[in-house]
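As structure tokens, the structure follows; a few thoughts come after it.
Rule-based calculations on the coordinates, nothing more; no lab input. As the structure is a prediction and not an experimental result, all values here were calculated from the model. When we count neighbours, we look across all protein chains shown, and the Cβ atoms used for this are built from the backbone with ideal geometry, even at glycine.
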Amino acid sequence: MKHGQFPKGGRAEIRATSEPFRGRTRFDVREYFAPQEGAELIPTRKGINLPAPLVPQLRALLEKAEHDLLDAGELTPAHYRLAGLAPPAEPQETDTGEPPVMELFPRREGALPLAPVPAGAGTPARRRRVN
């Protein structure tokens, strides 16, 4: 299932898709490239493919990266306008004295909370074969 795409520049674009693989759905964000002008776009090795249940963790990671880039001034409202998007809302002040929270992608009502990922979690490092 194709979720969307956007141009990267030149003859390349970024696509987000999900497809069943061995009985489970995988989510894929990948660069596609046209080898010649007017040729069909083909997938490249540049991308990420992960099990669908990890999409919420990817989303949380992207939200954190976006927030950090906004704080550093690397992202501005102009970047959002060029992409045809509305800039994120300013953080809302709270009555509790806690620092404001900037929610770039509001969570749906009833959505499960995101759990922090423990350090070292994920795919184990590959071992080198010793001859």
Using the eigenvalues of the Cα gyration tensor, what equivalent ellipsoid semi-axes result for the range 1-43 when each is taken as the square root of five times the eigenvalue, whole Å, largest first? 23, 11, 7
Taking a ≥ b ≥ c as the square roots of the eigenvalues of the Cα gyration tensor, with a/c under 1.5 meaning rounded and otherwise prolate when a/b exceeds b/c and oblate if not, the range 2-82 is oblate
Suppose R0 equals 25 Å; then what is the FRET efficiency for Glu37 and Lys2 from their Cβ-Cβ distance, rounded to the nearest 0.05? 0.65
Rough spin-label spacing in nm, given labels placed 7 Å along Cα→Cβ, for Ala78 and Leu54: 3.6
I'd like to compare 40-52, 24-36: which one has the highest average count of other Cβ atoms within 10 Å, and what's the full order after that? 24-36, 40-52
Stretched out fully, how many nm does the piece from Leu69 to Arg22 gain, at 0.36 nm a residue minus the Cα gap? 13.2 nm
Among residues other than His79 whose Cβ falls under 15 Å from its Cβ, what is the net charge (Lys/Arg +1, Asp/Glu -1)? -2
Run the numbers for Ala86 and Leu62: contour at 0.36 nm per residue of separation, minus the present Cα-Cα distance, in nm. 6.9 nm
